[in-house]
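Below: the structure, in structure tokens.
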Amino acid sequence: MRVSFPQTPSRRAFSSRSSRRRRSVLLGAATAAALAVAGFAVLLLRPDPDGTGRPPVPVSHVDTSARACLLTSTDTDPGGTWAALRQTADAHLVVQRYRLPAAADPVAYVDTLLQLRCSTVVTTGKEARSAVASRLAKGKVTGVRFVVVADRPLAGAARLSPAKVSVSALELLVRR
């Protein structure tokens with residue numbers, strides 16, 4: 001036996017409101033899905049800006065170029081190493097200068113330069129030279145050249161006399 005309750009005005013109003021709400025929710029969801037599909041289609045089908053089909057040329061060459069890093073200590077640079085090194089910079093070589101802080105762990109600081117992808121580390125000053133010597137004592141670093149601007153040679157590094165610092169001498173050592 002089926003029991004049915006009489007439809008009251010409030011029950012009819014509730015039923016009508018819930019079906020309108022359901023329709024508006026479905027309509028909103030369908031509209032959102034259609035907009036998402038249209039946006040995705042526009043993103044995928046937009047024309048190539050220069051018509052070549054190639055990716056755009058990078059704005060910066062910093063991440064694609066070799067990097068020469070000058071590590072200096074608190075000593076002065078009487079040979080003009082930084083000035084000569086700056087002149088070697090071009091589209092294929094980025095040069096940067098770092099000063100070894102007095103309280104820094106020298107090996108950790110040189111390792112930081114290596115993590116910054118310095119392909120050549122040039123040093124001037126006693127503290128910077130000893131920092132590179134300490135790092136080289138831990139073992140050879142593959143793919144990185146070390147150049148010390150000093151009167152004494154350092155095992156594992158190329159030496160450039162402070163009196164012989166020039167753009168051409170640094171260019172030979174850095175671009176090797």
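The values are calculated or read from the model by the stated rules, or taken from the named source; none is laboratory data. No experiment lies behind these values; they were computed from the predicted model shown. Please note that ligands, DNA and RNA were not included when accessible areas were found on the heavy atoms of the full protein model with its side chains. Shrake-Rupley method; radii C 1.70, N 1.55, O 1.52, S 1.80 Å.
So what does the Cα-only Debye profile of the range 59-176 read at q = 0.09, 0.18 Å⁻¹, as log10 I(q)/I(0), no solvent term? Result of the Debye calculation: -0.20, -0.86. Straight-line cross-link partners of Lys164 among the lysines, defined as a Cα under 24 Å from its Cα and at least 8 positions apart when in the same chain: Lys126.
Ordered from largest to smallest accessible area (heavy atoms of protein chains, 1.4 Å probe), the residues Ser24, Ser166 come out as Ser24, Ser166. Relative contact order, whole percent, for the range 72-176 stands at 30, derived from Cα pairs under 8 Å and 6 or more residues apart.
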